[in-house]
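Working notes for the structure below.
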2 protein chains.
Amino acid sequence: MTSTIAPPVPTSFVPRAAGSLFAPVAADIEEADRVFAATLAPYQGPFGPLVQHLRHYRGKRLRPALLLLAGKACGGIVPAHHTLAAAVEMIHTATLVHDDVLDEAEVRRHVSTVNAGWGNKVSILLGDMLFTHAFHLTSTVDGRACGIIGAATNRVCAGELRQVTERGNLDLTEADYFAVIDGKTAALTECCGRLGALYAGASEEVAERLANYGRALGRAFQIADDLLDLVGDETTAGKTLGTDLVQQKLTLPVIHCLGRLAPVEANRLRDVIRAGDGAAVLAALRRTESLAFARFRADELARAARAELAALPRSDARTVLEALPEWAVRREQ
Amino acid sequence: MTSTIAPPVPTSFVPRAAGSLFAPVAADIEEADRVFAATLAPYQGPFGPLVQHLRHYRGKRLRPALLLLAGKACGGIVPAHHTLAAAVEMIHTATLVHDDVLDEAEVRRHVSTVNAGWGNKVSILLGDMLFTHAFHLTSTVDGRACGIIGAATNRVCAGELRQVTERGNLDLTEADYFAVIDGKTAALTECCGRLGALYAGASEEVAERLANYGRALGRAFQIADDLLDLVGDETTAGKTLGTDLVQQKLTLPVIHCLGRLAPVEANRLRDVIRAGDGAAVLAALRRTESLAFARFRADELARAARAELAALPRSDARTVLEALPEWAVRREQ
């Protein structure tokens, strides 16, 4: 691999929507979509409308795009990449279907959730079915892929479980927060970077770099997501916002703010959180510049992600991977 | 493999509890239990009581015992058998944890369910975690095992989903019923028979026989389970019974009864089911000898299961496999 200096990323290259950003792998994302659809095709009969409804759950395609871009940047895309891209998207979809049950969410991406339309029972079983089909799909590649995806999904589920059991813990630390988001988000994006590189024939060292890239990107993406939940626009986001505070899930800005306040003030803020006064929480976050702090952390991670790409040969896929962290932290939905 | 005639099974050999029946593989079941516990050991810290509570979900060990007995009867048990036995038990446990959420059950095996103690959210995520750990555990064996267990679990989840979507369908046919139980129960027992044989080095043909054995055993077991739900004793069973009728899930005796009645009478029975009058339903089932019919079908399947063992060499494991179907249909819990 040629060692080159990463070119500066022109800001104009970072589009609002992920779709155009993923242009170099657009056809491959479509192929992964076909694998996804073919896997669920046997259920079109008995559960037609339910399976059809799942396409509303498929938004940015961040995870398959990342896996495919890593493959393209590390030597080229092969059929295993499409299968694995479909599998990681299926795992992500499974977690979304179950998340909506956990959050009692009624709307996602501007349409009603599976639980709102079919009830919690169907949602639980549909999520289970997506998990098992993702694993079976992965087994058509090889045992190594099963091990990597299995380990990542273990971390995803443990992270989600930890998040639920930490609800209402208003003493959560920054380390606790990162342990949660490393599980629920960064484990899968890390796995995407690794799989993309490995199945393109990259060395373990390069695969480790791409895994690091994926982890940093996932962390940055999640911090940005948590910021959107606090200060985003519901119409643009296409989902209910402010749910973290309602559920007393502490995210980075709130943890930072509590740490900056004197103990008496911090306890007063905890009471405000318990009382569910979102406006007062936001005012406190602005006073301690905690939103800016979280954005700084996200930017730092975005830079760290880009740095992992330095040794890759120049290619259109590498250019997109370089732009992706910037998009992840600047997006409005 | 030596072709021998199956010896008659002495009825006295069939114990009430599965524990003593599984004596020839007792040490191997314990080893599988250790693998199960070791897999969840990293969560003893953050989720200690929750992980501890799971041991109450582990009852008969039918699936690991079946896998291990098949291995022993087909050439001998190797470490892969213990890993796979733990994985199938983990998948079964995952489905039980999610089933209890679906059924809003409060008691299982005489103790409170995970959902009763920790709520539905924790139950959903714990079930997910068990699924993913089962798959990751399987990946430590090889890709073939991932494919076999993945395919079986796909069928388990699809069967469960079909059962939920068929609730309230009082025109369910016997074929529909078998499609549901083939998924929710027989797919996994079939997989246990197949894996036990394959990892003992058996030929594809012998593995197919053991898979057929597992499928017939699973069907017989489920029919017996459904009979227990209608006429069993709650204290012996250790769980709430009569739930199938409450949830308007038609099982074999009810389907048979509806088919035996004149259309007008059948519609009257459907009204009785909708009204939730369990005693009146039982009276109808007795009039049409539908409980006896279901027992006959279960016995038929038990015989079919035993017939698949005819070509196996004599061994203590084979003797137990021969006795198992009889136990499955005669048990009281």
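Only the coordinates and a few stated rules stand behind these numbers; no lab work does. Keep in mind it's a predicted model, so treat the numbers as computed, not measured. Cβ placement follows ideal geometry from the backbone for every residue including glycine, while neighbour counts extend to all protein chains displayed.
Using a Gaussian network model of chain B in which every pair of alpha carbons under 10 angstrom is joined by a spring, one finds that among B:ALA116, B:ALA275, B:ALA105 the greatest mean-square fluctuation is at B:ALA275. When the pairs A:LYS121/A:LYS249; A:LYS184/A:LYS249; A:LYS60/A:LYS184; B:LYS184/B:LYS249; A:LYS121/B:LYS60 are compared against a 20 Å limit on Cα-Cα distance, A:LYS121/A:LYS249; A:LYS121/B:LYS60 fall above it.
Build a GNM of chain B with springs between Cα atoms under 10 Å apart, and of B:VAL97, B:VAL35, B:VAL272 the one that fluctuates most is B:VAL272.
Take B:GLU265, move 7 Å from Cα toward the beta carbon, and the resulting point lies 8.2 nm from the same point in each other copy, nearest first. Between B:GLU300 and B:VAL264, the simple label model (points 7 Å from Cα in the Cβ direction) yields a spacing of 3.1 nm. Across the identical copies, the label point of B:ALA37 (7 Å from Cα in the Cβ direction) is separated from its matches by 5.0 nm, in order from shortest.
For the segment B:164-176, counting C-beta atoms of other chains within 10 Å of every residue's C-beta and taking the mean gives 1.
With label points defined 7 Å past Cα in the direction of Cβ, position A:GLY59 shows copy-to-copy spacings of 4.1 nm, given to one decimal and shortest first. In terms of its C-alpha gyration tensor, region B:162-212 has a prolate overall shape, because the principal axis ratio a/c (a ≥ b ≥ c, square roots of the eigenvalues) is not below 1.5 and a/b outweighs b/c. Near B:VAL111, no amide H atom lies under 5 Å from its own; only residues 5 or more places off or on other chains count, and H is placed 1.01 Å from N. Which one, B:GLU265, B:GLU166, B:GLU190, has the greatest fluctuation when you compute a Gaussian network model over chain B with C-alpha springs under 10 angstrom? Its mean-square fluctuation being the largest, the pick is B:GLU265.
The mean sequence separation of alpha-carbon pairs under 8 Å and at least six residues apart, normalised by the residue count of region A:18-330, gives a relative contact order of 20 percent. With the helix formula -39500 (n - 2.57) applied to DSSP H stretches of n ≥ 4, chain B reaches a computed 222 nm mean residue ellipticity of -22500 deg cm²/dmol. Given R0 = 25 Å, the distance between the Cβ atoms of B:ASP142 and B:SER315 translates into a calculated FRET efficiency of 0.45. Evaluating 6.51 cos²θ - 1.76 cosθ + 1.60 at θ = phi - 60° for every residue in region B:43-53, the Karplus couplings come out as 9, 4, x, x, 10, x, x, 5, 5, 4, 4 Hz, glycine and proline recorded as x.
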